[in-house]
Every structure is written in structure tokens, then in C-alpha cells.
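The values are calculated or read from the model by the stated rules, or taken from the named source; none is laboratory data. Given the structure is predicted, the values throughout are model-derived calculations rather than measurements. Every residue, glycine among them, receives a Cβ derived from its backbone with ideal geometry; neighbour counts consider all protein chains shown. Side chains included, ligands, DNA and RNA excluded: accessible areas come from the protein's heavy atoms. Shrake-Rupley method; radii C 1.70, N 1.55, O 1.52, S 1.80 Å.
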Amino acid sequence: MTTFKTLLLAAALVAPAAMTATAADAQVSGIAVADAQGAIANSKAWNTARGQIETTYKAQLDQAETRRQAVARELQPLVTAFQTAQRAPGATEASLRPQAQAIQARETAANQELARLTQPAQRAQQYVIEQIQAKLSDAVTAAVRAKNVSLLLRPEAALFAQPTADITAAITTELDRLVPTVSTAVPANWQPNQGGQQGAAPAAAGRAPAATRPAPQGR
């Protein structure tokens with residue numbers, strides 16, 4: 001599993017006028033920020049389902065990780081040879097192209113193989129996410145009303161925000177209430193986004209990353 005995206009909100013000095021606030025700090029009024037992806041990632045339904053998926057598809061995920069490591073070892077000598085050729089006097093884009101293409105072709109084939117191995121787990125995690133996303137709008141609405149928010153922004157859209165302006169946790173709380181559990185058993189005829197839900201999952205269950213290598217660059 002890849003780690004969940006960390007919320008990035010600027011830390012700021014508390015203004016003297018706000019020092020008198022007590023429990024009111026938990027109340028947001030006006031403009032707030034929220035990370036919908038983070039809210040789903042922290043939900044009980046997602047984290048429970050994630051563990052179930054990792055257990056159910058452990059064999060495939062372990063196989064994918066083993067292959068990923070093997071491919072990385074296979075690619076490294078090719079990358080090293082390419083980098084040596086790249087530094088050689090007189091190296092040109094044309095002379096380097098065959099090596100670069102060979103590396104790219106091998107990596108593409110490896111990524112396709114890894115995708116096949118992890119596809120069942122990724123399909124299950126997509127199904128889980130869509131179930132949670134189906135209640136995301138209701139969760140946001142409830143959190144916005146509870147916090148007296150008139151304008152809600154994504155964290156990246158705000159140049160600055162006090163930590164108390166972040167209502168991501170409140171949205172997670174609402175998600176936990178609205179969708180406490182989800183199923184990881186994907187129906188045979190299910191297709192991603194068939195319910196109209198969009199958005200990336202917080203993390204792909206057991207997704208094997210592509211073999212890492214320096215990107216070939218011709219001169």
C-alpha cells in the first residue's frame with residue numbers, strides 16, 4: 001500500500017484576538033478548506049476494506065512485488081549502459097535512441113505485467129472507493145452546515161489557511177456515520193464509474209509501482 005496523501009496546511013501564529021477562543025476554535029465560519037481524498041482515506045470504511053483487500057489478494061500482490069524488484073534489477077544494467085553512452089564524446093540523440101527505446105519497451109512490458117497481477121486488487125479498491133464516494137456529497141453538505149461554512153475550497157486552492165479552517169476531519173466523521181462499512185466483493189458485471197462517481201482513490205491497494213530508473217534523455 002502506498003501511504004495516504006498528507007494534508008498540507010500552513011501553520012501560523014495565532015492572532016492575539018483569537019487567543020480568547022476556547023471550544024469555539026472547533027467551529028468554522030465563512031471560508032474553509034477540505035481534502036476530499038484525505039477524508040475518504042481516513043474513513044473507517046476505507047481502512048477496514050483496505051485490510052480486507054490486502055488479505056484477499058495477498059498472493060497476487062506479493063507476486064507483483066517480487067516481479068517489480070526483479071524487473072528493477074533487469075533494467076539497472078541497461079540504464080547504466082545508457083548513461084555511460086550518454087556521457088561518451090560524440091553521443092547524439094540518434095545514437096542513443098536504440099538504447100532508450102529498448103529500456104522503454106522493457107519497462108512498458110513490465111508495467112503491463114504488473115498491472116495484470118494487481119488488477120483484481122485495484123478493481124476491488126475502486127469498487128470500495130465508489131461506495132464511499134457515493135456518500136461524499138452528503139458528508140460534505142453535513143459538515144459544511146455544522147461548521148457554518150459559506151465557501152469550501154481544496155487546500156491547494158488556498159494561499160493560506162489556519163489549521164482550524166480545515167474541515168477534512170469533520171467530513172470523515174460524517175462519512176463514518178453515513179457509510180460505516182462497504183463490501184469488497186466486486187459484482188461480476190460492475191464497471192468503474194458506472195454510477196457517475198469520479199475522482200482518484202486515496203491509494204491503490206497493493207499497487208506495485210513501476211520499476212524506478214533514471215529517465216533516458218538524448219542529447
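All but one of (1) under 30 Å from A45 (Cα atoms); (2) touching a Pro at 6+ places or on another chain (Cβ under 7 Å) hold for Q119; state the number of the condition that does not hold.
(2)
Taking into account only those residues within the stretch 39-61 that are of a type in the set (A, V, I, L, M, F, W, C) and farther than 21 Å from A170 by Cα, which is most open to solvent (accessible area, probe 1.4 Å)? Give the steps one after another, and end with the answer.
We begin by selecting, within the stretch 39-61, every residue of a type in the set (A, V, I, L, M, F, W, C); these are 39-41, 45-46, 49, 53, 59, 61.
Still in the list and also farther than 21 Å from A170 by Cα: 53, 59, 61.
On the way: I53: 1, A59: 73, L61: 22 Å².
Among them, the one singled out is A59.
Does R87 satisfy the condition of being out of contact with any helix residue (DSSP H, G or I) (no Cβ under 6 Å at 6 or more places or on another chain) and without any contact (Cβ under 8 Å) to a residue 60 or more places away in the chain?
yes
Any residue in the stretch 154-179 that is at negative phi sitting within a Cβ distance under 7 Å of a residue that is buried (at least 19 other Cβ atoms within 10 Å of the Cβ) and among the hydroxyl-bearing types (S, T, Y)? List the pairs, counting only those 6 or more apart or interchain.
Sorted first by the residue in the stretch 154-179, then by its partner, the pairs are T172/S43; L175/S43; D176/S43.
Would you confirm whether or not the stretch 67-79 contains a residue that is loosely packed, with under 13 Cβ neighbours inside 10 Å and β-branched (V, I, T)?
no
From the list T118, T172, exactly one residue is out of contact with any Lys or Arg (no Cβ under 8 Å at 6 or more places or on another chain) and at pLDDT 95 or above. Which is it?
Numbers: T118 fails: out of contact with any Lys or Arg (no Cβ under 8 Å at 6 or more places or on another chain).
Exactly one of T118, T172 is out of contact with any Lys or Arg (no Cβ under 8 Å at 6 or more places or on another chain) and at pLDDT 95 or above, namely T172.
Just for the stretch 95-112: of the residues that are open to solvent by 50 Å² or more (accessible area, probe 1.4 Å) and touching a residue at least 24 places away in the same chain (Cβ under 8 Å), which one is nearest to Q63 (Cα to Cα)?
Looking at residues that are open to solvent by 50 Å² or more (accessible area, probe 1.4 Å) and touching a residue at least 24 places away in the same chain (Cβ under 8 Å), I get N111.
Step by step: first the residues of the stretch 135-155, then only those that are of a type in the set (A, V, I, L, M, F, W, C) and within 13 Å of A39 (Cβ to Cβ), then the one that is most open to solvent (accessible area, probe 1.4 Å). Which residue is that? So that I can check it myself, show each step before the final result.
Step one: of the stretch 135-155, the residues of a type in the set (A, V, I, L, M, F, W, C) are 136, 139-140, 142-144, 146, 149, 151-153.
Now narrow it down to the ones that are within 13 Å of A39 (Cβ to Cβ): 136, 139-140, 142-144, 152.
Working: L136: 30, A139: 0, V140: 38, A142: 25, A143: 2, V144: 32, L152: 63 Å².
Among them, the one singled out is L152.
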